[in-house]
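Values quoted throughout were computed directly from the atomic coordinates according to the rules given, and no laboratory measurement underlies them. Worth saying up front: this structure is predicted, and the values here are computed from it rather than measured. Positions of Cβ are generated from backbone atoms using ideal geometry, with glycine treated the same way; all protein chains shown enter the neighbour counts.
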Amino acid sequence: MSHRHRFAPQAPRALLLAIAGALALSLGSIVPALDGAMSARATPSTVTHAIALPPPPAPAALAPRSDWQTVRVASGQTLGSLFADLGLPASTMHRVLEVPEAQQMASRLQVGSELAFEIGADGELKGLRFDHGDTQRVRLAVSEDGIERELIERPFERRVMVAGGSITSSLFADGAKAGLGQGVMNDMVRALQFDIDFAQDIRAGDTFQIVYEELWREGERVRDGGVVAVNFVNQGRTFTAVRFERDGKAEFFDLEGRPLRKSFMRTPIEFARLTSGFGARRHPILGRMRMHNGVDYAAPVGTPIFAAGDGRVRFAGWQGGYGRTVVLDHGNGITTLYAHMSRLGPYRVGQRVRQGTTIGFVGASGMATGPHLHYEFRVNGVHRNPLTVTMPKPEPLTGPVLAEFRRATAPALAQLKRVEGFQLAAR
């Protein structure tokens, strides 16, 4: 807003001089009179007037302060115990659980998960943040009027990495020396588990080269993203696996485009030690020679046991000296048996299971001297050695799909060659 000021025009000069003269005469008579009056006062008097002042303005209302507290979930904690530890009532938690993403978060809460709570000065919950899947974060604003939900997209950046090493002590120790985490090494084992028995085939001097992904977000490394391609030289034989997505599902293939996933896994347990092979042996408890119709793998109690192939549960329960046992029927006369479990998996007789599904856990039930898996492979009721029985090969890719496979996997194979070259130069 602008203000305008208006000024009057100037008076004639003669008139101004006349006014100035009159003022001079008036002041000449006033000043002596004032001087006399001031001299007549011996003591000046002071008059005080009480003036009512308006009340001071009220201070501006301060916004209630709130703080964000980040909590990392510890072993045994639940969403309810987290709310209780922060002094938040269960009624507030039940309101939060009306949000679908919060229900999913509470049911899948894992050790190490992070949740952020915004707590007001009054001790009430004002907000809650948590991750929903890998690429989203949920933020809830809590008030008396309800709960507002906001989904924040947090996409990953995938970075391709290469590494290589050789076996000198153990697979995981040497992987760590090459800068590889356990997740990458596990993925490599899963890719090659149909061709290499990592429990007994690994030798000092074996080498590996891996192309893998790291997942980054907002400039920070989050975790490993899995193996893209791998070369593993085992006892002089080279095995290669490359990842390719077919029909929306990622699988591992060899260089000719043949799926590496066989009808059956050689070893239905990870990183266990073979303690007894197939054939005649002296029974460790009975003390007499008898046929050992399977193979034994020693492993800690609770180690997961996998279905060696797709099939249907024929038996799940206690079976004499086998203890807790699962028998799978894979069709075409093939069955597999898994014995001495500490506990069974969630599957019951008649249910179908997929290859690699956890069907039980290692134990020492029945006639066993220690925790281990006893594994049998039968064809039309005849026991076969699981480590040497011939497994049927799946059909390779053909036509346009094979051409797309070669195009898509070429960069990863070039990276493998590069890291292999580095290793050869370093020897």
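Things worth noting here:
- Efficiency of FRET between Arg72 and Glu395 - r from beta-carbon atoms, R0 60 angstrom, step 0.05: 0.80
- Difference of contour (0.36 nm per residue) and Cα-Cα distance, Gln235 to Gln351: 37.8 nm
- The stretch between Arg407 and Arg149 holds 88.6 nm of extra length on full extension. This uses 0.36 nm per residue minus the Cα-Cα distance.
- When segment 243-350 is described by a simple charge dipole with +1 on each Lys and Arg Cβ and -1 on each Asp and Glu Cβ, the residue from Gly294, Ala272, Thr336 located farthest towards its positive end is Gly294.
- Net charge dipole size for segment 336-427 [Lys, Arg +1 and Asp, Glu -1 on Cβ; Debye, nearest 20]: 120
- Relative to one another, the C-alpha centroids of segment 304-326 and segment 206-267 are positioned 29 Å apart.
- Cross-link reach list, lysines versus Lys249, counting only Cα pairs under 19 Å and skipping chain neighbours closer than eight places: Lys262
- Environment charge of Asp197, counting only residues whose C-beta is closer than 15 Å and scoring Lys/Arg +1, Asp/Glu -1: +1
- Segment Thr92-Ser113, length gained on full extension (0.36 nm per residue, minus Cα span): 5.5 nm
- Net charge contributed by nearby residues that have their C-beta within less than 11 Å of Phe361 (K/R +1, D/E -1): +2
- The dipole here belongs to segment 139-298: it is taken about the Cα centre, uses +1 on the Cβ of Lys and Arg and -1 on the Cβ of Asp and Glu, and is about 1140 debye.
- Set of aspartates and glutamates with alpha-carbon distance to Lys177 below 15 Å, sequence-local pairs under 8 removed: Asp206
- Sorting the segments 169-179, 102-112, 199-209 by their residues' average number of neighbouring beta-carbon atoms within 10 angstrom, most packed first, yields 199-209, 169-179, 102-112.
- Other residues within the sphere of radius under 12 Å centred on the Cβ of Asn186, judged by their own Cβ, net out at -2 (K and R +1, D and E -1).
- Of interest is the spacing of the C-alpha centroids, which for segment 127-163 and segment 173-191 amounts to 29 Å.
- Cα-centre dipole for segment 134-222 with unit charges at Cβ (Lys and Arg positive, Asp and Glu negative), debye to 20: 260
- Inter-label distance, nm, simple model (7 Å from Cα along the C-beta direction), Lys417/Arg258: 2.3
- Between Ala121, Ile210, Pro155, the Cα set farthest toward the positive side of the dipole of segment 119-231 (charges on each charged residue's Cβ, about the Cα centre) is that of Ile210.
- The GluC sites (Glu not before Pro) of segment 152-261 that meet both conditions, a loop assignment by DSSP and at most 15 other Cβ atoms within 10 Å of the site Cβ, are Glu218, Glu256.
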